[in-house]
1. To the nearest 10 square angstrom, what accessible area does ASP158 show with a 1.4 Å probe?
2. Work out, step by step, the length gained on full extension between THR84 and ARG72: first 0.36 nm times the residue separation, then minus their alpha carbon distance; give nm to one decimal.
3. Could you pull out every one of the lysines with an alpha carbon less than 24 Å from that of LYS32, ignoring same-chain neighbours closer than 8 positions?
4. Would you mind calculating the gained length between LEU13 and ASP91 on full extension (0.36 nm times residue separation, minus the Cα-Cα distance), in nm to one decimal?
5. What ³J(HN,Hα) values, in whole Hz, does the Karplus curve 6.51 cos²θ - 1.76 cosθ + 1.60 give for the stretch 125-140 when θ = phi - 60°, with x put for Gly and Pro?
6. To the nearest 10 Å², what's SER71's accessible area with a 1.4 Å probe?
7. Expressed as a whole percentage, what fraction of the accessible surface of the stretch 136-184 belongs to carbon and sulfur atoms when a 1.4 Å probe is rolled over the protein heavy atoms?
Amino acid sequence: MSEGEVFHEKQRLELCAIHALNNVLQERVFTKETADDICKRLAPQCVVNPHRSMLGTGNYDVNVIMAALQSRGLAAVWWDKRRTVQSLRLDKVQGFILNVPSRVSLGIVSLPLRRRHWLAVRQVGGNYYNLDSKLKGPTCIGGEAELRTFLGEQLSQDVTEMLLVVQREVEDDGSWLNADDSRK
């Protein structure tokens with residue numbers, strides 16, 4: 001499959017969580033409106049919602065991502081970085097959503113600030129792709145070995161976190177993890 005056939009939403013406002021969800025699902029399912037509705041359900045009594053930016057530009061937190069995936073019969077499993085990515089059963093994982101540090105820029109000027117950014121990684125047509133919405137298009141990572149290297153490099157940064165996107169029953173039975181990994 002060519003990179004032109006891989007679904008890839010590009011960054012708009014602070015909607016990287018929505019882009020990561022849609023990119024990992026490989027279709028436009030979630031919008032700013034659906035994410036805002038999830039925020040309201042998560043904190044119905046709050047005037048200032050703690051799950052998104054006060055400015056209304058996005059910047060959704062992990063709770064919104066988890067609730068959005070649950071609405072599709074999926075689950076997000078928080079990856080324990082003490083484990084090696086070799087212990088992952090890739091055949092049980094639909095995709096990955098990573099939370100990484102990101103530079104802040106105004107036009108071409110990069111500011112000395114760091115923010116958090118959500119990005120998706122997913123297998124399409126036998127290859128894994130980095131579907132970061134800040135990229136011009138999907139970037140082919142390669143096969144399973146290259147994916148494990150990519151994830152290991154990402155997770156070696158202290159502040160990077162990773163969610164596994166799996167079917168709900170895979171989360172329930174823990175089959176996303178190799179049986180010989182004793183730390184379930």
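1. Accessible area of ASP158: about 140 Å².
2. Between THR84 and ARG72, full extension yields an extra 1.5 nm.
3. LYS10, LYS40, LYS134, LYS136
4. Taking LEU13 through ASP91 to full extension adds about 24.7 nm, to one decimal.
5. Residue by residue, the stretch 125-140 yields x, x, 10, 8, 10, 7, 10, 4, 5, 7, 7, 5, x, x, 10, 6 Hz.
6. Around 80 Å² of this residue is reachable by solvent.
7. Details: 1300 of 2800 Å².
On the stretch 136-184, the fraction of accessible area on carbon and sulfur atoms equals 47 percent.
The values are calculated or read from the model by the stated rules, or taken from the named source; none is laboratory data. What you see is a predicted model; the values in this text were computed from it and never measured. Ligands, DNA and RNA are excluded from the accessible area calculation, which covers all protein heavy atoms including side chains. Shrake-Rupley method; radii C 1.70, N 1.55, O 1.52, S 1.80 Å.
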